[in-house]
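Taken together, the values in this text are just the output of simple stated rules run on the coordinates, not laboratory data. Owing to the predicted nature of the structure, the values given are computational and were not obtained by experimental measurement. Ideal geometry is used to build each Cβ from the backbone, glycine not excepted, and the neighbour counts take in all protein chains shown.
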Amino acid sequence: MSREHRLSGPEPMVITASASVAPAGGPSTTTSLAGGGPAPTPPAEPIEVVRVHVPQRSARSEYRAVKIVWRRELVRFVNDRMRIVTSLVQPFLFLFVLGSGLQQLSAAGTHGVDLKTFIYPGILCMTVMFTAMFSAASIVWDREFGFLREMMVAPVRRSSIVIGKALGGATVATVQGLIVLCLAWAVHIPYSLGLIFGVVGIQVLLAFAITSFGIMVAIRIKQMQSFMGVMQMVVMPMYFISGALFPARGLPTWLTVLNRIDPLAYAVDPMRRLVFSHLQISAAARRVLDPGLSWWGWRMPAILEVAVIAVLGAVMLAIAVAEFSATE
Amino acid sequence: MDVTGTRAITVDNLLKRYGDFEAVKGVSFEVGQGEVFGFLGPNGAGKSTTINMLCTLTRPTSGRAEVAGHDVVSARDDVRRNIGLVFQDPTLDGYLTALQNLRLHAELYGVESALVLPRAKQVLQMVGLWDRRDGVVQTFSGGMRRRLEIARGLMHSPRVLFLDEPTIGLDPQTRRSIWTYIRELQEREQITIFMTTHYMDEAEWCDRIAIMDAGQIVALDAPETLKAGVGTDRVTIQTDDNEAAIAALAADFGVEARIVEGHVTFGVAGGETFVPRLFSEFSVPVTGVSVSRPTLDDVFMSYTGSTIRDAEEDPAKARNRTMMRMMGGARR
Ligand SMILES: Nc1ncnc2c1ncn2[C@@H]1O[C@H](COP(=O)(O)OP(=O)(O)OP(=O)(O)O)[C@@H](O)[C@H]1O
Ligand SMILES: [Mg+2]
């Protein structure tokens, strides 16, 4: 039986198919079923079957998997305009409402520096943080809507999927961060290439670390509501303690301790240092507003702080990969 | 079509235990290359669990299985490269378009870039969705999604396609067209198809079926052979006194009847000739009668002693039946 013959048309083909394989004897029910009633949508003209080949696992196939998972996150982000807007509401509220409102109280303590300017680095971090958190939630959605399975059975490493997700979340969060970066002029911060690259660099790193953390949690927690609950419970306190909204100096001891062990503080501090290095302000103001993180009087260099974030991000990603690979 | 040649699937004493509960109790079977093999059974029989083990998603507790020549435990990736999957629950990305879903799949499977579009076109045409390729999946009907999932399962030219209840929840029309696609595709692409269903009538589309009940395979053969094995037509009568009817049937005709869903049911060879005898000789008044050819329900019944629940509400089943209904004692 040649292929041409078999592809001659939908209706006889089906019958041929069943007749040729059905066991001998008796009219086949299959035939009568296919014969009666309106014909199903006929396929297109007989075409040569396009056969594709799935290659052995290789660095290239893993790269393609990472890339497509990453791209999917971006496509979904771009399609979801609501999310772009809603995740910007909170930073805007904090920056302009809280910043302007508290300005009257804090004017005396900020040595003439606008409170909005002071909290701006914290807001840069915040935007990235919340977006990254929501990005990580996509793994919970994917599980809920079944799509996770489609990725789980693909002949690629689980790590490629997790890395693609983490990079996707990080990219999306960074894009949101960039939008907030555009507001620097509104809070009296002059633009410069150094500022932009520095801020973006820290944002990428923070976004990556938070997404990795989120994925790590998301792999364990299978319901959306509990995931959001846990994230709120962990991320909000971390954000408040980090010193994003106040200088980490002269705090009560308990808060100082918490602040020093809060990983987020190590992202907020270099961000603030970077932004403040581009400001023309008095030494007194700088001392009060940008005291830096110090351990027993030793002020940590920014590079070390950034390294802390990078290492934490990498560790959490590794945990996420290990967890994800172990799930059935 | 080589049903006797090389094996696409070999399963040897496969067992899956969840805690103390054995979901699959050591099943063994083989599926030939190019065969359409059906797994038939009621809810909770262990069909999905078996499929999940065969497609490497679940680890067997014990036993062995080879798919497309590769062991499902030790050569997971090789199995995955060679199989296509349509799960029982939907796994499409609803936010993406049909074509984007296929592209994503092709990327995950490392399909050569130049072939992605031609192949996508082919599989989409096969399921009649090429015109809707740019439609967002969320806007698709259940049947369209199912067809898209089948198309996606085929994207990478698998050698074995697993379909877990591909037609669940679809109307009879769509179910039939999906079956037409499946047969057509099996012809065209020469692939082996392993599918599960709990619609009895659908099993007729398979070359061979395994009837599964409570984690065990209770029968395995071609549907025709299984039905022939039952050997009798099914006669169902309505009477005012079922107990008396059963006793009378045993005494007058030597048939063993029982009550199934409120009616007296029994099997006899040559139902058409039996009914006239029944009317002329039977001592208990009969108010209604129906005769049907043996269906897979009867096969199922004869092996498990119970009917498959879901088949009852299935309108398509009526088509398989030769019905003679004489209500209220009316004469021919
Ligand atoms: N992850 C699991 N943990 C515990 N028990 C499970 C798990 N998966 C399946 N089972 C049990 O194994 C049995 C078989 O389930 P399975 O999903 O294989 O049935 P099925 O034949 O596919 O049924 P259905 O027609 O409803 O899809 C069921 O009793 C189910 O409760
Ligand atoms: Mg199932």
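With the helix formula -39500 (n - 2.57) applied to DSSP H stretches of n ≥ 4, chain B reaches a computed 222 nm mean residue ellipticity of -10000 deg cm²/dmol. What share of the DSSP beta bridges in segment B:7-222 is antiparallel, in percent to the nearest 5? Taking every DSSP beta bridge within segment B:7-222, about 55 percent pair in antiparallel fashion. Building the convex hull from the alpha-carbon atoms of chain B and averaging its projection over directions returns 19.8 nm².
Packing here is the average count of other Cβ atoms within 10 Å per residue, and on that basis the peptides B:140-153, A:219-232, highest first, run B:140-153, A:219-232. When shorter helices are ignored and each DSSP H run of at least 4 residues is given -39500 (n - 2.57), the per-residue value for chain A at 222 nm works out to -22000 deg cm²/dmol. The residues B:18, B:303, B:109, A:120, when put in order of fewest to most other Cβ atoms within 10 Å, stand as B:18, B:303, B:109, A:120. Bridge orientation summary for the protein assembly as shown: considering DSSP beta bridges with both residues in this region, about 70 percent are antiparallel.
In terms of its C-alpha gyration tensor, segment A:161-295 comes out oblate, because a/c is 1.5 or above while a/b does not outweigh b/c. Overall shape of segment A:202-263 was characterised from the C-alpha gyration tensor. The equivalent ellipsoid obtained from it has semi-axes of 26, 14, 9 Å, in decreasing order.
Take each residue of peptide B:195-204, count the partner chain Cβ atoms within 10 Å of its Cβ, and average: the result is 1.
Extending 7 Å from the Cα toward the beta-carbon at both residue A:234 and residue B:293 defines two label points whose distance is 6.2 nm. The phi-based Karplus calculation (6.51 cos²θ - 1.76 cosθ + 1.60; θ = phi - 60°) puts the 3J(HN,Hα) values of segment B:256-267 at 9, 10, 9, 9, 10, 6, x, 10, 7, 10, 7, x Hz, whole numbers, x for Gly and Pro. Across peptide B:110-122, the mean count of Cβ atoms from other chains lying within 10 Å of each residue's own Cβ comes to 4. Sites listed here are GluC sites (Glu not before Pro) in segment B:217-266 whose DSSP assignment is loop and whose Cβ has at most 14 other Cβ atoms within 10 Å: B:256, B:261.
With neighbour counts taken as other beta-carbon atoms within 10 Å, the residues B:47, B:25, B:16 rank, fewest first, as B:25, B:16, B:47. Each residue, residue B:139 and residue A:200, gets one label point 7 Å from its Cα in the Cβ direction; the gap between the two is 3.5 nm.
Computed from Cα atoms, the angle from the helix B:242-253 axis to the main principal axis of chain B rounds to 80 degrees. Taking only the Cα atoms of segment A:87-245, the radius of gyration and Dmax are 17.7, 62 Å.
The mean sequence separation of alpha-carbon pairs under 8 Å and at least six residues apart, normalised by the residue count of segment B:7-222, gives a relative contact order of 30 percent. If you take every residue apart from residue B:154 with its C-beta less than 9 Å away from the C-beta of residue B:154, what net charge results, scoring Lys and Arg +1 and Asp and Glu -1? Taking every Cβ under 9 Å from that of residue B:154, the sum is +1. Structure remark: mean-square fluctuation, Gaussian network model of chain A, C-alpha springs under 10 Å; the largest value among A:57, A:272, A:72 belongs to A:57. Just add up the charged neighbours of residue A:242: K/R +1, D/E -1, any other residue whose Cβ is under 11 Å from the Cβ of residue A:242. Computed value for this residue: 0. Note on chain A: GNM, Cα springs under 10 Å; of A:193, A:274, A:181, the largest mean-square fluctuation is that of A:193. What's the Kirkwood radius of the protein assembly as shown in Å, using all Cα pairs? It works out to 29.0 Å.
Coordinate range of the alpha-carbon atoms in chain A per principal axis, descending: 98, 36, 35 Å. Per-residue Cβ neighbour counts within 10 Å put A:70, A:254, B:179 in the sequence A:254, A:70, B:179, beginning with the fewest. Taking Cα atoms only, the orientation of helix A:59-79 departs from the longest principal axis of chain A by about 70 degrees.
The angle between the Cα long axis of helix A:224-241 and the main principal axis of chain A comes to about 20°, on a 0 to 90 degree scale.
Give the relative contact order (percent, whole number) for chain A; include only Cα pairs under 8 Å separated by 6+ residues. It comes to 20 percent, rounded to a whole number. Mean partner shielding of peptide A:153-163, defined as the number of other chain Cβ atoms within 10 Å of each residue Cβ, is 4. Annotation: extensible slack from residue A:222 through residue A:84 equals 47.2 nm (criterion: 0.36 nm per residue apart, minus Cα-Cα distance).
Exceeding 20 Å between C-alpha atoms, which entries from my cross-link table qualify? They are A:222/B:16; B:25/B:227; A:222/B:47; B:25/B:47. In this structure, A:222/B:16; B:25/B:227; A:222/B:47 lie more than 20 Å apart at Cα.
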